[in-house]
1. Give me Rg/Rg_expected for segment 27-88, where Rg uses Cα atoms only and Rg_expected = 2.2 N^0.38 Å with N residues.
2. Ranking Arg14, Arg153 by Cβ neighbours within 10 Å, fewest first, what do you get?
3. At 1.306 mPa s and 10 °C, plugging the Kirkwood radius over alpha-carbon pairs of segment 1-156 into Stokes-Einstein gives what diffusion coefficient in µm²/s?
4. To the nearest whole percent, what portion of all C-alpha pairs in segment 67-131 is separated by more than 17 angstrom?
5. Under the rule of at least 5 residues apart or a separate chain, name every residue whose amide H is placed under 5 Å from the amide H of Thr145.
6. Can you list residues from other chains, or at least 5 along the same chain, whose modelled amide H is less than 5 Å from the amide H of Lys157?
Amino acid sequence: MVVSAKEDIENYLRPTRFIDSDHPAVIAFARASAGASGGETDQAIRIFNAVRDQIKYDPYCIDLAEDKFRASVVLAKQSGYCVEKALLLAAMARVIGIPSRLRFADVRNHLTTERLKEIMKTDLFIYHGYTEMFLNGRWVKATPTFNLSLCERFGVKPLDFDGEHDAIFHEFDRKGNRHMEYVHDHGPFADLPYDTIMASFRKHYPMYFTQDKTSIAGDFEAEALKERKRL
């Protein structure tokens, strides 16, 4: 997508219902993470690293209530799954004046635990979310999902972002095993398409709407480490 009009850029700078970049806590975290030195690209790298490593990836803490899908809520609980972490990164980018948006894709994720796979009944993750930032005249993909400690548990490379090249999941892990495959691209959005995602989740993951939340709780990092030790 080519952004040529001022109003187009402004759509990706304004706070929205879910990307609440006007929230005081989000503003403070964004500014502290970005720092005052360096240019726009340097600051984009710093906020990416902050979300990647300071916000723990946790697929067991998903609360599908509409009011829980806000960047400020993700920041407050210090954890989230891919969509939630993408929301926070997008909000932080907007705080420091970098146009940002959400993008979604269906992915076949081999980087998961047997228990989570059993709960979900699939390794296909519908509406996997990541962030795009407008840097140096073009949209650059940034996926802050897996924190460093989790990558160590799985034995995979952490995903780095240099502000110039797309940072999407590595297709293979350190041993050459496939761990992420993009199946379908849903495109970019200025805000979270909550109703669309929930309709798709109800179709593919009905257990999240019918089971008690305690039955799908767990410690994802501990599971990853335990399974790796068996190999």
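The numbers here are math on the coordinates, done by the rules we state, and not lab data. Just so it is clear, the model here is predicted, and its values are computed rather than measured. Don't worry about glycine lacking a Cβ; one is built from the backbone with ideal geometry, like all the others, and counts go over all protein chains shown.
1. That ratio works out to 1.17.
2. Ascending Cβ contact count within 10 Å gives the list Arg14, Arg153.
3. 99
4. That fraction is 49 percent.
5. Here nothing satisfies the definition.
6. Amide H neighbours of Lys157, under 5 Å, 5+ apart: Arg174.
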